[in-house]
1. Taking a probe of 1.4 Å, how large is the accessible area per residue of the range B:213-370, in Å²?
2. How far apart, in nanometres, would the label points at B:Arg149 and A:Val53 be if each is projected 7 angstrom from Cα along the Cα-to-Cβ direction?
3. Could you state the angle between the C-alpha long axis of helix B:80-90 and the longest principal axis of the C-alpha atoms of chain B, as a value from 0 to 90 degrees rounded to the nearest 10?
4. Need the list of lysines near B:Lys313 for cross-linking: C-alpha distance under 18 angstrom, and skip anything on the same chain fewer than eight residues off.
5. What's the center-to-center distance, using Cα atoms, between the range A:24-57 and the range A:88-152 in Å?
6. Could you give the accessible area per residue of the range A:1-155, probe 1.4 Å, as a whole number in Å²?
7. Considering every residue in A:87-97, what mean count of other chain Cβ atoms within 10 Å of its Cβ is obtained?
8. How much accessible surface does B:Thr305 have with a 1.4 Å probe, in Å² rounded to 10?
Amino acid sequence: MAGSTAIHIRNLVVGFGNKTILNHLNLDVKQGEILGLVGASGGGKSVLMRTLVGLLPKRGGQIDFVDHRKGEGSWGILFQQGALFSALTARQNVQFPLRENAHLSPRLLDEIADAKLEMVGLTSADGDKFPSELSGGMTKRVALARALALDPALLFLDEPTSGLDPIAAGEFDALIRTLHRTLRFTVFMVTHDLNSLQAICDRVAALADGRIVAVGPLSSVLESDHPWVKAYFHGARAQTLGFGT
Amino acid sequence: MFNAPVLTANEDDPRVLTACGAWNVANVEMLERLCERAASADIAAIDLRRVTALDTVGAWLLERLARGGRTRAALTGAEGPYGDLLEEVRGLNRAEPGERKSVNALLEKLDQLGRGSRRLVSDSGAFLHMLGALSAALLGVLRHPRSFRLTSTVYQLGRVGWQAVPIMALITFLIGAIIAQQGIFHFRRFGAESYVVDMVGILVLREIGVLIVAIMVAGRSGSAYTAEIGAMKMREEIDALSTMGLDPVAVLILPRVLALVVALPILAFLGSLAALYGGGLIAWLYGGMSPAIFIARLHEAVSVTHFEVGIIKAPFMALVIGLVAAVEGLSVKGSAESLGQQTTASVVKSIFLVIVLDGLFAVFFASIGM
């Protein structure tokens, strides 16, 4: 199954009003890979992700999911701000998709929620906290646990490491790596974190001018001639991390 | 592609089980039943070679089954990702579940009662604290008049005063009309219809006009204040203000409360006019009393004192509504639910306090003979 396509995007057009954000975009996400999407702020990364998960309408083109259909627990989505339900505790947040999609006994529901919380590095005691009592890193972890509640085959991550300190971001990368190895899902990750790209992404796609201008393993994207990609990976901040020298 | 999960015992060795099929969340009901049935038996090993799908739920159920016996059962035959998943699940949920506190129902009721009383005390404290903070902010403004936020105050005045005029006028007009109609209907039996004018005039000017308007303002503007201030609290805007060296009370709450204190007497005045107009209209159309007679009777029946008694209460009611709205808004916590709770509490408390205040004023005016 390695190498087959999980998401097949052809000629995707998305826009608001008279502004076109994504202009005939083509991209394939392979089964079981971690794909990192980079692009300028306001360049349409989040728009692409929101279109893929069906939150935004597309004007044209095709999006085909192989074997995945929405609403049956085969998608997990980690929103940038966590988007935890503020009226529920962390444990209830993780239980919510399980409760809605499957009939588990209360005991099993608690055990699975605790197991998921432990998988993302939290304790059972953290499960009793409300989202407003959680730190930024913990919020992301609970949101990840909720996204993973139904063992999705496809995971969307919107800037998973933004707002975390380098240590926490590194731990979060390692966490996604580990969970990816055990649970074998496909990851579509929007990120700005050059370290994440290097550490966990199998392939990187660069979004500029409303289309994908470079895609492939990081080393091949680094060699792209596109001016934006050059500026991104060969700029001062990237240089200090040892990119593109 | 339905692949029902099965758990069977080996024919030669009943202590070895074989699991087949899809052990995932889609079949969780069947899995739970299978595991319950198997849990009582003594299990040495579970063979997983014929499992076609496995996710965290399935893996955890197998792990729980394996832990269940006196000795740990071996989970054999899982390969690749399934093996990794089982290995991961093996380390989970190791902590002993914490002792659940058993609660006595009576004790819990008493506990709630105690908490309720303490909340009452802390609520009054918060209310007085806000009154103090507001007075301090007002003194600060009097000392440095240029720090007064005139634009904000005028804007709030427009929102709670000007924009409220149509609805307040309509409601008080209807109330005045209803009082007059009921009065005429019942007084007619004694031939005392003309006293309806006294009733409407005194009732509206002393009590109903200001009370109805205050209750409407509590529901319309008090709730809006609580929701606004609460949302600002949630999004840390209040904290941002304090760190810039500005007093949130002076910046956000003083203009709002001042606007209410100015607007409520005006609204009460307009409301009383509308109620008298409604009463007069009904007296004419339903009671057959011409407007000229109504006005003449009204002139005899009411004095400036009645109007003063009503209108003096208005700014105090406005202050109470504003204070409650501010206190509740600032006690909003992080969640959306908390915002809703505090907004409800704000409206309920301010209406209650407005009525209590009205009662206290009635006692006061009676004792000074107004």
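The values are calculated or read from the model by the stated rules, or taken from the named source; none is laboratory data. All values derive from a computational prediction rather than experimental measurement. Note: ideal-geometry Cβ built from the backbone for every residue, glycine included; neighbour counts use all protein chains shown. The protein model used for the area step is the full one, side chains on, heavy atoms only, and it has no ligands, DNA or RNA in it. Shrake-Rupley method; radii C 1.70, N 1.55, O 1.52, S 1.80 Å.
1. With the other protein chains kept in place, the range B:213-370 gives 44 Å² per residue.
2. With each label placed 7 Å out from Cα toward Cβ, I get 3.6 nm.
3. With both axes taken from Cα atoms, the answer is about 60 degrees.
4. B:Lys349
5. Here the answer is 26 Å between Cα centres.
6. 43 Å²
7. 1
8. 50 Å²
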